[in-house]
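Since every read-out is calculated from the coordinates, none of them should be taken as a lab result. Quick caveat: nothing in here was measured; it's all calculated off a predicted structure. Every residue, glycine as well, gets a Cβ built from its backbone with ideal geometry; the counts of neighbours run over all protein chains shown.
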Amino acid sequence: MSSPYSLLTTKDLSKEKILHLFSRASLFKSEFKKSNQFLQKNFESLNKTLAFVFFENSTRTRMSFQMAAYRLGLKVISMDSITNSSITKGESQLDTILNIDAMKPDLFVIRCGDSFNLKEIAPQLSVPTINAGSGATAHPTQALLDCFTLYETRRPMSQFRVLIVGDVRYSRVASSNFNLLQQMGAEVGVCGPESLMPDQEKFPHVKVFKKLDEGLDWANVCMILRIQLERHDAGSLKLPSLSSYHEIFGVTPERLKAFDSDGIIMHPGPINHGVELSTETLKDPRCVVLNQVENGVYTRAALMEDIILSSNNGGNLG
Ligand code: ASP
């Protein structure tokens, strides 16, 4: 049994741990397909209550964490947005978290902006923390579900050449995926406007493609990203208009004609139709966007299960 751990970035996970989580996620998936539940035995008897605190908006991440928790028999208290919290009365995010910690939850799931230093704050909390997306920095559970979606094809990870297209610089999905995909043996390339490309020294071994067609020619996985307008310093970036962005970097059926016939098309959502991709692209049989969403439930369940069991010294599941 491992010791309790938080998941703040993908660097917190060893390859062995990732493979363990993937095998649990696969099991949850196959059990669910057979019986509409995760396992016959679940956590109900342990009476664990999780605190979900989302300082930034979320649909998929928040709801799939909730879905996974309920299917594991865990209880959840949640702060879904700051607008119905005492932050509107001037309370700081740190005070908010410390007060919820005083209620003694069994695990934190936190989404926050870059101004909240999760790395510094998580160790001050009395229980483990899962990062559900922190600013432009990290989104480890998205990378886990993306990687699991490739892993479950049963093709060796070293055969994947993943092209990440779009706002790579400001995307926490991209930074977490760089680490996890490379750790698992996949190759990674990027393509997008120059001002949205990452600093090369931060991400060595990443191929940079100036032209989307060249990137698609190299890749067998195309991971499309949303432009993170909310994280840009207005005016400081030289960006094409959204329609010319679509012309240059938008993924369309036309462009995908030359893409690997066994290729995989991904997007973490939410999608801006007509910008980073055309709606028709979602109908391509190589597109796994909703499969990614489904896998989010299983991988997050696997992670919560592992952290709770490690904090509970194995516990006795009823
Ligand atoms: N849902 C992902 C995230 O929270 C991707 C995005 O928002 O573009 O980072």
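Points to keep in mind about this one:
- DSSP beta bridge pairing in region 132-216, given as percent antiparallel to the nearest 5: 10 percent
- Calculated Rg and Dmax of region 118-230 using C-alpha coordinates, Å: 14.7, 50
- Ranking His273, Gln182, Leu196 by how far each Cα lies toward the positive end of the dipole of the chain (charges on Cβ) leaves Gln182 at the top.
- Alpha-carbon Debye profile of region 237-318, log10 I(q)/I(0) at 0.20 Å⁻¹: -0.92
- For Ile130, residues with placed amide H under 5 Å, excluding near neighbours: Leu7, Phe108, Val109, Ile110
- Within the listed set Ala138, Ala102, Ala186, the residue fluctuating most in the Gaussian network model of the chain (springs between alpha-carbon atoms under 10 angstrom) is Ala102.
- HN-Hα J in Hz across region 10-27 - Karplus 6.51, -1.76, 1.60, θ = phi - 60°, x for Gly and Pro: 5, 5, 6, 10, 7, 4, 4, 5, 4, 5, 4, 4, 5, 6, 5, 4, 4, 5
- Pairwise Cα inverse-distance average, inverted: Kirkwood Rh of region 90-172 (Å): 15.0 Å
- Label point distance in nm, Asp95-Asp114, each placed 7 Å from Cα along Cα→Cβ: 2.6 nm
- The equivalent ellipsoid of the chain has semi-axes of 33, 24, 17 Å, largest first, where each one is the square root of 5 times an eigenvalue of the Cα gyration tensor.
- Here's the list of aspartates and glutamates a cross-link from Lys119 could span, going by alpha-carbon distance under 15 Å and ignoring same-chain residues fewer than 8 apart: Asp12.
- For region 183-264, the Kirkwood radius over C-alpha pairs fed into Stokes-Einstein at 20 °C and 1.002 mPa s yields D = 151 µm² per second.
- The Kirkwood radius of region 171-318, taken over pairs of alpha-carbon atoms, gives through the Stokes-Einstein law at 4 °C and 1.567 mPa s a diffusion coefficient of 75 µm² s⁻¹.
- In summary, the lysines within cross-link reach of Lys17, defined as a Cα separation below 19 angstrom excluding same-chain residues under 8 places away, comprise Lys29.
- Highest-MSF residue in the chain out of Met103, Met63, Met197 [GNM, Cα springs under 10 Å]: Met103
- Of all aspartates and glutamates in the structure, the ones whose alpha carbon falls short of 14 Å from that of Lys75, not counting any fewer than 8 places away in one chain, are Glu44, Asp106, Glu305.
- Of the residues Lys11, Lys89, Lys29, the one that moves most in a GNM of the chain with alpha-carbon contacts below 10 Å is Lys89.
- Under 5 Å from the amide H of Arg286 lies no amide H of any residue 5 or more positions distant or on a separate chain, with H modelled from the backbone and absent for Pro and chain starts.
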